[in-house]
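Each remark here refers to the structure printed beneath this line.
Read-outs throughout are calculated quantities, based only on the coordinates presented, and are distinct from any laboratory measurement. Since the structure is predicted, the reported quantities are computational estimates derived from the model, not experimental observations. Positions of Cβ are backbone-derived with ideal geometry, glycine not excepted, and every protein chain shown enters the neighbour counts.
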Amino acid sequence: MAKSIKEAAKIPDSRPVLLRQSLTALQAELQRHGFQGYRAKQIFHWLYKQAVPSVAAMTNLPAALRNWLDAFYRFGGVQIAERRDSADGSVKLILALADGARIESVLMREEDRRTLCISSQVGCPLGCLFCMTGQGGFVRNCTADEIVGQYLAARQLLGPGAPPITHIVFMGMGEPLLNCEAVFEAIRRLTDPQAAGLSPRRITVSTAGVAAGIRKLGEAKLNVKLAVSLNASTEDQRGRLMPYARRDRLESVLEACRQFPMPRQHRITFEYVLFDGVNDSPADARRVGQMLRGIRCKINLIPFNPVEGVLPFRRPPQERIEAFQQILIGMNYTASIRYSKGADVGAACGQLAAHAGAQLLYDTRAKG
Ligand code: SAH
Ligand code: SF4
């Protein structure tokens with residue numbers, strides 16, 4: 001008896017997810033069940049403009065429709081489990097998923113923009129040596145509604161009437177281009193004028209260099225920005241820092257970048273984390289400049305953020321960071337130094353999933 005109850009509890013919820021419906025699909029389903037089609041627009045308004053957390057909050061819908069929505073759909077998305085406020089105004093959100101997994105998003109607030117850094121996977125399979133997420137291992141891909149749900153959770157946190165989130169970057173946990181299907185579906189929902197309605201030019205997908213994924217992103221014609229984490233000036237150096245780079249070699253990544261479709265005025269961003277004495281010499285800077293010749297790009301230099309318990313990397317001294325930048329500027333590149341926000345609450349680049357990832361991995365392995 002006890003066993004069958006346990007097994008019943010494992011039956012997955014097969015209802016379609018409300019946060020994954022397009023407006024036309026929702027309209028059709030409503031009409032098929034005897035409701036008026038215009039209700040779909042009202043529901044979309046509640047979901048994406050008001051960012052309500054449940055059907056119960058959609059107060060202008062008749063009770064019969066709310067009951068039907070609850071019975072027919074699973075709401076989807078994420079729940080805010082915890083928030084941590086940084087002294088610099090950014091907020092780390094620890095988010096609970098339906099199966100108990102946890103992911104993190106970071107909301108960064110500057111004068112004229114509010115940028116949300118979101119996760120695409122629970123953990124990350126690529127295992128970069130300098131990244132807490134990579135060191136924690138991989139659990140599973142996020143679904144499209146869990147990705148869109150991070151945006152909606154941040155909207156809930158900001159509250160009604162707050163200035164909107166202006167930018168989204170896929171720079172949280174995970175490698176977005178190893179989860180193309182869900183990431184692309186989420187981008188469609190985030191940019192759909194009927195749904196979240198963000199401009200695709202304000203969404204950036206950051207990849208550790210998955211060449212096939214870069215090609216797929218171009219083919220999907222989503223018109224979002226591409227960032228590539230270069231992090232090294234030679235193949236060998238890159239392979240030592242990012243194990244995955246031994247599989248997708250630099251030349252194939254750079255070739256995918258050259259082929260990436262972009263309007264003339266747009267550029268790819270190359271991210272380069274600087275590690276003291278590893279990849280921060282003047283010769284490294286010159287090699288980076290030569291390597292990127294002919295690619296319309298800009299370069300963001302990210303001083304390494306310390307990550308507890310991983311190999312002893314250090315942030316280079318400030319003058320070395322600036323000297324690296326000056327060499328690239330001298331080679332006619334736009335090169336900026338990007339200081340991560342939220343380090344005091346473990347929200348800076350590379351610091352995500354400090355606790356959640358470890359706990360989760362333990363749980364998952366114990367079950368398996
Ligand atoms: N997986 C994707 C996106 C998430 S990582 C990628 O690797 O691009 C987002 C950025 O954080 C990457 O540029 C990565 O190189 C950087 N990063 C990872 N660990 C870091 C650390 N400890 N300090 C500074 N930047 C880090
Ligand atoms: Fe994964 Fe990006 Fe971290 Fe590398 S840097 S482990 S690809 S999240």
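Brief remarks follow.
- Building the convex hull from the alpha-carbon atoms of region 79-361 and averaging its projection over directions returns 14.0 nm².
- Positive-pole candidate from Ser199, Pro306, Leu95, dipole of the chain, charges at beta carbon: Ser199
- Only beta bridges with both residues in the chain are counted; by DSSP, about 45 percent of them are antiparallel.
- Footprinting exposure proxy ranking of His167, His33, His45, fewest other C-beta atoms within 10 angstrom first, gives His33, His45, His167.
- Among the cysteines of the chain, those with no neighbouring cysteine Cβ under 4.7 Å are Cys117, Cys124, Cys142, Cys180, Cys257, Cys297, Cys349.
- Taking only Cα atoms of region 1-101, radius of gyration then Dmax in Å: 17.1, 54
- Over region 17-72, all Cα pairs binned in 5 Å intervals from 0 give whole-percent P(r) values of 4, 21, 36, 30, 9, 1, listed from short to long.
- Dimensions in Å of region 43-187 - Rg and Dmax from alpha carbons: 16.0, 54
- Relative contact order computed over region 17-72 (Cα-Cα under 8 Å; 6+ residues apart), in percent: 23
- Each 10 Å bin, from zero up to the one with the longest distance, holds this percent of the alpha carbon pairs of region 101-198: 16, 47, 29, 7, 0.
- Only alpha carbons enter this Debye calculation for region 198-322, each as an equal point scatterer, and the log10 of I(q)/I(0) it gives at q = 0.09, 0.13, 0.15, 0.21 Å⁻¹ is -0.26, -0.54, -0.72, -1.25.
- Between Lys41 and Glu110, the contour length at 0.36 nm per residue exceeds the Cα-Cα span by 21.6 nm.
- Number of Lys-Lys pairs in the chain with C-alpha atoms under 18 Å apart and a separation of 8 or more places or on different chains: 7.
- Only helices reaching 20 angstrom along their own axis (Cα) with mean Kyte-Doolittle hydropathy no lower than 0.0 count here, and for the DSSP H runs of the chain these are 144-158.
- In percent, rounded to a whole number, the relative contact order of region 213-293 is 45, using alpha-carbon pairs under 8 Å and six or more apart.
- Region 64-93 versus region 232-264: alpha-carbon centroid distance in Å: 36
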